[in-house]
Ligand code: WAQ
Ligand code: MG
């Protein structure tokens, strides 16, 4: 018999604005500690202490779980914000996203993609061919949930990230989210950077290209951040949202973790391949 699993979600806000969110998928014995940790995170957030924290806990059918491997991780160092954003556009182009659509989407994230210029709680859905936004609610966006590391994958991942100085919750959770999203029907690529004012890194992830981590995608102190999922023409939005929001996904294998390289060097290898 399969052990029951719980989907744990946290959403924190401050003065009515989204501050922080998280989602875990856990066995019964891990629920309490994870819930305490998420509440603490909301109260100790670098952008301010939350004045409202909501936790939700739901039992999930363990028979529905999909087991996947984490994406390959390639850390890329950029010289600054401008190079980071050029790198993101180039990596998205490699995933089939036209330059104009990539640039428009980067600009939206930089300005705050929610109506009124704030951060969204979830991700934008972007039509890869036109750049049109397809998410039903531009403030909420679409949130991926019900995903986590399983078994000793967390320990193994930590062992491999630590020597690179990358063993932190941002990287772990982003890899898990990006892995679920990259496996979604219709998703060509994801672009992300943090909304935390002191966390400047982001990534472009796709099923083929893996998780390309870009060391800087925004300026220090900038509170804007977010995610965009780029969709192939004809993507079934209902099926996509159902997968992202409800299909439980556990990662039971670590992917290859490459040593860091400079974007300029890596870009040259991409150019040679093309
Ligand atoms: N589903 C969809 N969108 C989400 C989700 C989710 N579960 N969680 C967050 N977002 C969106 C939302 O708009 C947030 O404002 C934005 O993403 C950023 O969330 O070093 O920390 O939790 O390799 O601030 C990436 C780099 C860090 C990690 C990402 O995101 C690394 C990060 P944050
Ligand atoms: Mg954040």
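The values are calculated or read from the model by the stated rules, or taken from the named source; none is laboratory data. Everything numeric here is computed off the predicted structure, so don't read it as measured data. Here the Cβ positions follow ideal geometry from the backbone for every residue, glycine too, while neighbour counts run over all protein chains shown.
Computed quantities for the displayed model
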| read-out | value |
| --- | --- |
| Residue match in the range 24-32 (condition: within 21 Å of residue 242 (Cα to Cα), within 15 Å of ligand 1 (Cβ to nearest atom) and modelled with pLDDT of 95 or more) | yes |
| Members of the range 31-54 that are exposed (fewer than 15 other Cβ atoms within 10 Å of the Cβ), part of a helix (DSSP H, G or I) and more than 16 Å from ligand 2 (Cβ to nearest atom) | 32, 33, 36 |
| Residue check, residue 146 within 14 Å of the chain's Cα centre (by Cα), away from ligand 2 (no atom under 16 Å from the Cβ) and touching a residue at least 60 places away in the same chain (Cβ under 8 Å) | yes |
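This table checks each residue for (1) surrounded by fewer than 17 Cβ atoms within 10 Å (Cβ to Cβ); (2) at pLDDT below 95; (3) within 25 Å of residue 252 (Cα to Cα); (4) more than 10 Å from ligand 1 (Cβ to nearest atom).
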site: 101; (1), (2), (3), (4): no, no, no, yes
site: 121; (1), (2), (3), (4): no, yes, no, no
site: 124; (1), (2), (3), (4): no, no, no, no
site: 138; (1), (2), (3), (4): yes, no, no, yes
site: 149; (1), (2), (3), (4): no, no, yes, yes
site: 153; (1), (2), (3), (4): no, no, yes, yes
site: 159; (1), (2), (3), (4): yes, no, yes, yes
site: 170; (1), (2), (3), (4): yes, no, yes, no
site: 189; (1), (2), (3), (4): no, no, yes, yes
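Per-residue answers, yes or no, for (1) within 14 Å of ligand 1 (Cβ to nearest atom); (2) not in a loop (DSSP other than H, G, I, E, B):
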{"residue": "213", "(1), (2)": "yes, yes"}
{"residue": "219", "(1), (2)": "no, no"}
{"residue": "227", "(1), (2)": "yes, yes"}
{"residue": "239", "(1), (2)": "no, yes"}
{"residue": "245", "(1), (2)": "yes, yes"}
{"residue": "255", "(1), (2)": "yes, no"}
{"residue": "259", "(1), (2)": "no, no"}
